[in-house]
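The values are calculated or read from the model by the stated rules, or taken from the named source; none is laboratory data. This is a predicted model, so every value here is computed, not measured. Reconstructed Cβ throughout: ideal geometry from the backbone, glycine too, with neighbour counts over all protein chains shown. Keep in mind that these areas ignore ligands, DNA and RNA; they rest on the heavy atoms of the full protein, side chains included. Shrake-Rupley method; radii C 1.70, N 1.55, O 1.52, S 1.80 Å.
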Amino acid sequence: MVKHGVGLMRVDPVGPLKGELTLPGDKSITHRAIILASLADGITEISGALRSHDCRDTAKAFRAMGVAIDELNDERLQIRGGGLHGLKEPTDVLDLGNSGTTMRLLAGVLAAQPFFSVLTGDQYLRARPMARVVLPLKSMGATILGRDAGNLPPLAIKGTRLKAIDYVSPVASAQIKSAILLAGLLTEGETTVTEPSLSRDHTERMFDAVGIPIHRHGLHLRVDGVKTIPAFEIVIPGDFSAAAFFLVAALVIPGSDLTLREVGINPTRTGLLEALQSMGAVIEVSRRRIVSGEPVADLHVRSQTLHGTEVAGALIPRMVDEIPVFAVAAALATGTTIIRDAAELRVKEVDRLTAIAKELHRFGVEIEHCPDGLIIHGRSALSGCHCDSWGDHRMAMTLAVAGLTAEGSTTISDPSCVSSSFPDFWTRLNAVMPGAAVPLEG
Ligand code: S3P
């Protein structure tokens, strides 16, 4: 049962998207930078950090374990790490809000700490499966208890000196991979993780950038326990997942011409670009460069006609967070689009396959719902409607894109849930499309 937050946002199709936009810092990379900096020796500076609820929850958890984290200005954080064994037992439950990444990565760190901790979160996070990290961490020797035989939060963790394992993950998930890699750093000997296809590799890249040895062989990764992590400086690129909403909106709204600056284009994240290209889209990528070990570029997009396509297999983990907004592109393409192998969407902040199918149906889209995907029949126009964000940030922003293209006004419930990953989404939308989003009472 989805519990509703308050408020409504009205979205109107006020015309093309024009101009330039920079995006907030990447959420996945910001989490990892805060975690590694908190475990490092000395003062780390993070520029371009995302200041969203999820990332603040990661910082709050480390503050509760004695780490000094200062916000120097809007997007610079300074973290005084106390070393790999410098964390203190939190005296209260750690409330991680809506952030699945925080809970899973932190479980990997806390499993190796010589103290007791309890991790909880909001109603959505408390319904998300944790066995995927709890089981491998238990096989490393940690004691972890939770509801539903350890699968559901709150998780109570009694950390200990872990033993190294070789873990073959059944799911291509960067959260699982990263939890084990972090636990492996804190464990003597060689820990290995193998995944079925490549998920986002920000942890591996950050280990490289910071000087932590990590060995890759195809889908197989190995870390050795380390004695220290040196403090570092890092610049966080713009979040491709945030860019995705504007990218799709500009593609489908006639007359649009938009440049997105300084966007992270790590290939393990940009499956959406390939999916859109397979629909006939041309997206210009320019000013390519590497920033703190991550590829960054400007993206330029104009409105175009799209045709249906099929996405499946190893492409899915590379666009896992973009599938909701991709469904809007599919709804406005000619012909049918098939999404397969995407059952992971059922265990995101909400069951996103069900949420997409239900909400796009309200816009008049003919959409079939399969156990691991969706079949979307494109149409020439959407109809404005009242729709539900399900309290899920990516659903709210996806529905905004649908509303921008629809005939008539659309209202979206609980619009403030965007703050998990993109707190000023509505403001930035109005900057490139004046009058597009208007908050309503109620
Ligand atoms: C994330 C990994 C992805 C993604 C999530 C962030 C990360 O989850 O959906 O938004 O930062 O590691 P999975 O790795 O579980 O697919």
- Would you point out the residue of the stretch 146-157, among those that are open to solvent by 10 Å² or more (accessible area, probe 1.4 Å) and closer than 16 Å to residue 116 by Cβ, that is nearest to the ligand (Cβ to nearest atom)? 146
- Test: residue 225 is open to solvent by 10 Å² or more (accessible area, probe 1.4 Å) and on the phi > 0 side of the Ramachandran plot: no
- Query: Any residue at all in the stretch 119-140 that is within 30 Å of residue 48 (Cβ to Cβ), at pLDDT 95 or above, away from the ligand (no atom under 15 Å from the Cβ) and assigned to a loop (DSSP other than H, G, I, E, B)?
  - Reply: yes
- Message: Only one of 174, 179, 242 is small (Gly, Ala, Ser), touching a strand residue (DSSP E or B) at 6+ places or on another chain (Cβ under 9 Å) and within 16 Å of the ligand (Cβ to nearest atom). Can you tell me which?
- Response: 242
- Message: Among the residues that make up the stretch 10-20, is at least one of them over 26 Å from residue 321 (Cα atoms) and at pLDDT 95 or above?
- Response: yes
- Query: Residues 44, 102: which one is in the same structural domain as residue 175 (by TED's automatic domain parsing), touching a helix residue (DSSP H, G or I) at 6+ places or on another chain (Cβ under 7 Å) and within 16 Å of the ligand (Cβ to nearest atom)?
  - Reply: 102
- Number of the exception - residue 201 against (1) farther than 23 Å from residue 347 by Cβ; (2) in contact (Cβ under 8 Å) with a residue 60 or more places away in the chain; (3) among the acidic types (Asp, Glu): (1)
- Message: Residues to consider are 191, 143, 160; find the one that is among the hydroxyl-bearing types (Ser, Thr, Tyr), within 20 Å of residue 215 (Cα to Cα), away from the ligand (no atom under 16 Å from the Cβ) and out of contact with any Leu (no Cβ under 7 Å at 6 or more places or on another chain).
- Response: 191
- Task: Determine whether the stretch 262-274 contains at least one residue that is away from the ligand (no atom under 16 Å from the Cβ), under 21 Å from residue 401 (Cβ atoms), open to solvent by less than 10 Å² (accessible area, probe 1.4 Å) and out of contact with any helix residue (DSSP H, G or I) (no Cβ under 8 Å at 6 or more places or on another chain).
- Result: no
- Task: Give the residues of the stretch 374-395 that are in contact with a helix residue (DSSP H, G or I) (Cβ under 7 Å, 6 or more places away or on another chain) and either away from the ligand (no atom under 16 Å from the Cβ) or closer than 17 Å to residue 279 by Cβ (or both), sorted by residue number.
- Result: 374, 376, 378, 379, 382, 384, 385, 387, 388, 389
- Considering (1) within 30 Å of residue 328 (Cβ to Cβ); (2) surrounded by fewer than 24 Cβ atoms within 10 Å (Cβ to Cβ); (3) more than 21 Å from the chain's Cα centre (by Cα), say which one residue 195 fails and leave the rest. (3)
- Query: Is there a residue being exposed (fewer than 15 other Cβ atoms within 10 Å of the Cβ), more than 22 Å from residue 295 (Cα to Cα) and more than 16 Å from the ligand (Cβ to nearest atom) anywhere in the stretch 205-218?
  - Reply: no
